[in-house]
Amino acid sequence: LQEECLADDVELPENADAWTVSEAREYFESGGTSRPGQPASVPAAGEKESNLQIRWAVDTAEWDPQEAEWEVLLRTLPEEEATRVMKFHFRDDQKRALVSRLLQRHACARYLSLPHGEVQILRTKGRKPYLA
């Protein structure tokens, strides 16, 4: 169930063996922020929380953007990021890279109440993204 929810990075608390399947699914899908019997802790747009985890899943398999749509989306990224997206050899990898970068920017803009143009995401030496 944890793998199915793409939550292998979410640690199980000690009492998780007493949860129902639906309670466990809710916990994993919330990124570990919503435990059974507790209200969800995802803040509204603009509300800040230091340990916020956001988890979105996007199936890019069926998405086949026209060239014009692709170019518009690439232009929303800084030039360096757009170049990195296009360095992937296979189109499916390019699609996943583009969607990943767009979702990172959208999450930062939405939950920090920033205009998309003001979101600056840099990368560590290991290429992990972080908000600058």
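The values are calculated or read from the model by the stated rules, or taken from the named source; none is laboratory data. Quick caveat: nothing in here was measured; it's all calculated off a predicted structure. Counting neighbours? That spans all protein chains shown, and the Cβs are built from the backbone with ideal geometry, glycine included. To get the accessible areas, we keep the full protein, side chains included, count just its heavy atoms, and leave off ligands, DNA and RNA. Shrake-Rupley method; radii C 1.70, N 1.55, O 1.52, S 1.80 Å.
The accessible surface of the chain, taken with every protein chain in place and a 1.4 Å probe, is 50 percent carbon and sulfur. Rolled with a 1.4 Å probe across the full set of protein chains, the surface gives H116 an accessible area near 100 Å².
Of the GluC sites (Glu not before Pro) found in the stretch 52-89, those that fall in a DSSP loop while having at most 12 other beta-carbon atoms within 10 Å are E62. Amide H to amide H distances under 5 Å link I121 with A132, where only residues 5 or more positions off or on other chains count and H is placed in the peptide plane.
At q = 0.10, 0.18 Å⁻¹, what is the log10 ratio I(q)/I(0) for the chain, with the Debye formula run over Cα points and no solvent? Results for the chain at q = 0.10, 0.18 Å⁻¹ read -0.43, -1.12. Here the Gaussian network model covers the chain, with springs between Cα atoms less than 10 Å apart; of S113, S30, S22, S22 fluctuates the most. Summed over all non-identical Cα pairs, the Kirkwood treatment of the stretch 67-132 gives a radius of 12.4 Å. A 1.4 Å probe run over the chain, with the rest of the protein chains in place, finds 71 Å² accessible per residue.
Averaging sequence separations of C-alpha pairs under 8 Å and six or more residues apart, then dividing by the length of the chain, give the relative contact order as a whole percent. Intermediate results must be reported in sequence, preceding the final value.
Numbers: 99 pairs, mean separation 22.8, N = 132.
It comes to 17 percent, rounded to a whole number.
Residues V58, V99, ordered by accessible area of protein heavy atoms at a 1.4 angstrom probe radius and largest first, appear as V58, V99. When you filter the chymotrypsin sites (Phe, Trp or Tyr not before Pro) in the stretch 53-126 for DSSP loop state and at most 16 other Cβ atoms inside 10 Å of their Cβ, you are left with W56, W63, F88, F90.
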